[in-house]
1. Could you please find all residues in segment 62-93 being in contact with a Pro (Cβ under 9 Å, 6 or more places away or on another chain) and outside any loop (DSSP other than H, G, I, E, B)?
2. Among the residues of segment 3-15, is any surrounded by fewer than 19 Cβ atoms within 10 Å (Cβ to Cβ), within 16 Å of Val76 (Cβ to Cβ) and out of contact with any Gly (no Cβ under 6 Å at 6 or more places or on another chain)?
3. Can you tell which of Asp20, Asp57 is modelled with pLDDT of 90 or more and not hydrophobic (A, V, I, L, M, F, W, C)?
4. Say we look at segment 25-38 and pick out the residues that are more than 16 Å from Phe75 (Cβ to Cβ) and part of a strand (DSSP E or B); which of these is most open to solvent (accessible area, probe 1.4 Å)?
5. Within segment 103-110, does at least one residue satisfy the condition of being open to solvent by 80 Å² or more (accessible area, probe 1.4 Å), part of a helix (DSSP H, G or I), at pLDDT 65 or above and closer than 26 Å to Pro52 by Cα?
6. Pairs, please: C-beta under 7 Å, at least 6 apart or cross-chain, first residue at negative phi and of a type in the set (Asp, Glu) and in segment 24-51, second open to solvent by less than 30 Å² (accessible area, probe 1.4 Å) and part of a loop (DSSP other than H, G, I, E, B)?
7. Quick check: is even one residue across segment 69-89 open to solvent by less than 10 Å² (accessible area, probe 1.4 Å), free of Cβ contacts under 8 Å to residues at least 12 places away in the same chain and within 26 Å of Lys119 (Cβ to Cβ)?
8. Can you give me the number of residues within segment 73-102 that are at pLDDT below 90, within 11 Å of Leu40 (Cα to Cα) and not hydroxyl-bearing (Ser, Thr, Tyr)?
Amino acid sequence: MNMRQSDYIDFILDKFRSLDVVTARKMFGGHVLHMAGKVLGFVFDDTFLFEPGPTVDRMLPDAQRKELFPGSKLFVVIDESISPQRLCELAKACYDDFPVSKPRKKKGEAAVKDEERQKKIEAEFPFAKHFR
């Protein structure tokens, strides 16, 4: 796929729309994707690299693997033709395999919005409250 990076991020996030807990943040010339407070994967150069783990290995055994940077662990390359339903199923199934993100300190209105969002996450993913 050959599109602007912001369009590609929107394309990927749109596939996660039904979950409503996946966000993207710019990082190191690409984007990091989070799901309910955990790292889901990275987007660099129109490539979605899914966080590796035993569940994704079992669900996508033949998927291509790629380093995020030279010497890094091998991430699972998610083909852009994957359906939104299949991608959301994959993300939910793999949630326990994802590493916990380090929380950023927020102040004021941002903290209130974050707390509201966290309650919404915990309603759909009750186990997420253990990772605060």
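The values are calculated or read from the model by the stated rules, or taken from the named source; none is laboratory data. Computed from a predicted model, the values in this text were never measured in an experiment. Note that each Cβ is placed from the backbone with ideal geometry, even for glycine, and that neighbours are counted across all protein chains shown. Areas reflect the complete protein model, heavy atoms only, side chains present, ligands, DNA and RNA absent. Shrake-Rupley method; radii C 1.70, N 1.55, O 1.52, S 1.80 Å.
1. Listed by number, the residues that qualify are Arg65, Leu74, Phe75, Val76.
2. No, segment 3-15 contains no residue that is surrounded by fewer than 19 Cβ atoms within 10 Å (Cβ to Cβ), within 16 Å of Val76 (Cβ to Cβ) and out of contact with any Gly (no Cβ under 6 Å at 6 or more places or on another chain).
3. That would be Asp57, the only listed residue that is modelled with pLDDT of 90 or more and not hydrophobic (A, V, I, L, M, F, W, C).
4. Among those residues, the one meeting the criterion is Lys26.
5. no
6. Glu51/Phe98
7. No: zero hits.
8. 5
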